[in-house]
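First the structure, which I've put down as structure tokens, then a few questions once you've had a look.
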Amino acid sequence: MSLGEAYVRPEKGELWLLNAHIARYEAGSYLSHQPTRPRKLLAHRKEIDNLTSKIQEKGLTIVPLKLYIKDSRAKVEIGLAKGKKQYDKRESIARRDVEREIGRAIKKRGR
């Protein structure tokens with residue numbers, strides 16, 4: 001299971017999990033499921049309406065945080081997320097580059 005590129009989109013009063021990769025069961029038949037098909041999430045009407053309104057007014061995105069199995073059901077923990085601003089992205093890239101350079105220097109020195 002990979003939630004790396006996954007997100008949740010509300011459509012017609014329902015929540016759909018998109019771009020989540022669930023690998024095929026190797027011991028299963030050749031008629032197995034598609035690994036990245038959209039999957040419907042079960043939630044209460046109030047929860048769906050609340051999340052939909054927050055997405056529309058604040059420009060947030062619903063992202064899956066964790067997936068776990070409980071009583072033979074797969075459950076997805078979701079949360080609201082806000083995208084990074086451009087200046088935040090530049091700061092993260094600069095920090096990552098500095099850490100990479102430090103790692104290289106330490107690795108060279110250890111030889």
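Every number here is computed from the coordinates shown, using simple stated rules; none is lab data. Note that this is a predicted model, so its numbers are computed, not measured. Cβ coordinates were reconstructed from backbone atoms using ideal geometry, including for glycine residues, and neighbour counts include every protein chain displayed.
Under a Cβ-only charge scheme (Lys and Arg +1, Asp and Glu -1), can you give me the dipole magnitude of the chain about the Cα centre, in debye to the nearest 20?
Working: 27 positive and 14 negative charges, 117 e Å.
Dipole size: approximately 560 debye.
Something else about it: For the chain, build the convex hull from the C-alpha positions and give me its volume per residue in Å³.
Details: hull volume 19.7 nm³, N = 111.
Hull volume over Cα atoms, normalised by residue count, gives 177 Å³.
I would also like to ask the following. Set Lys and Arg Cβ to +1 and Asp and Glu Cβ to -1, take the dipole of segment 9-111 about its Cα centre, and tell me which of A81, G59, G110 lies farthest positive.
It is G110.
What is the calculated FRET efficiency for E57 to E91, with r their C-beta to C-beta distance and R₀ = 25 Å, to the nearest 0.05? Numbers along the way, then the final one.
Numbers: r = 27 Å, r/R0 = 1.09.
The computed FRET efficiency comes out at 0.35.
Here's a follow-up. By how many nm would the segment from T36 to E77 lengthen if fully extended, with 0.36 nm per residue of separation less the alpha-carbon distance? Display every interim value, and only then the final one.
Values: separation 41, 0.36 × 41 = 14.76 nm, distance 1.82 nm.
My answer for the length gained is 12.9 nm.
Among all the lysines, which ones have a C-alpha under 17 Å from K54's C-alpha, if same-chain residues fewer than 8 places away are not counted?
K12, K46, K82
Can I ask one more? Per residue of segment 9-16, in order, report the coupling 6.51 cos²θ - 1.76 cosθ + 1.60 (Karplus, θ = phi - 60°) as ³J(HN,Hα) in whole Hz, putting x for Gly and Pro.
My calculation for segment 9-16 gives 10, x, 9, 6, x, 10, 9, 10 Hz in order.
Determine, for each peptide in 98-108, 51-61, the mean count of other beta carbons within 10 angstrom over its residues, then list the peptides with the highest first.
Details: 98-108: 9.6, 51-61: 12.6.
Final packing ranking: 51-61, 98-108.
What are the residues whose amide H is under 5 Å from the amide H of I78, where those residues sit 5 or more places off or on another chain and H is modelled from the backbone?
For I78, the qualifying residues are L65.
Further, regarding this structure: Placing unit charges on C-beta atoms (Lys and Arg positive, Asp and Glu negative, everything else neutral), compute the dipole magnitude of segment 30-80 about its Cα centre in debye, rounded to 20. It would help to have the intermediate numbers written out before the result.
Numbers: 11 positive and 5 negative charges, 25 e Å.
Charge dipole, segment 30-80, about its Cα centre: 120 debye, nearest 20.
Rounded to whole Hz and in sequence order, give me ³J(HN,Hα) for segment 51-64 from the Karplus expression 6.51 cos²θ - 1.76 cosθ + 1.60, θ = phi - 60°, writing x for Gly and Pro.
5, 4, 5, 5, 5, 6, 8, 10, x, 8, 10, 8, 10, x
Could you give me the ³J(HN,Hα) list for segment 73-87, computed from phi with Karplus coefficients 6.51, -1.76, 1.60 and θ = phi - 60°, whole Hz, x at Gly and Pro?
In residue order, the calculated couplings are 10, 8, 10, 10, 8, 10, x, 8, 9, 10, x, 6, 7, 4, 5 Hz.
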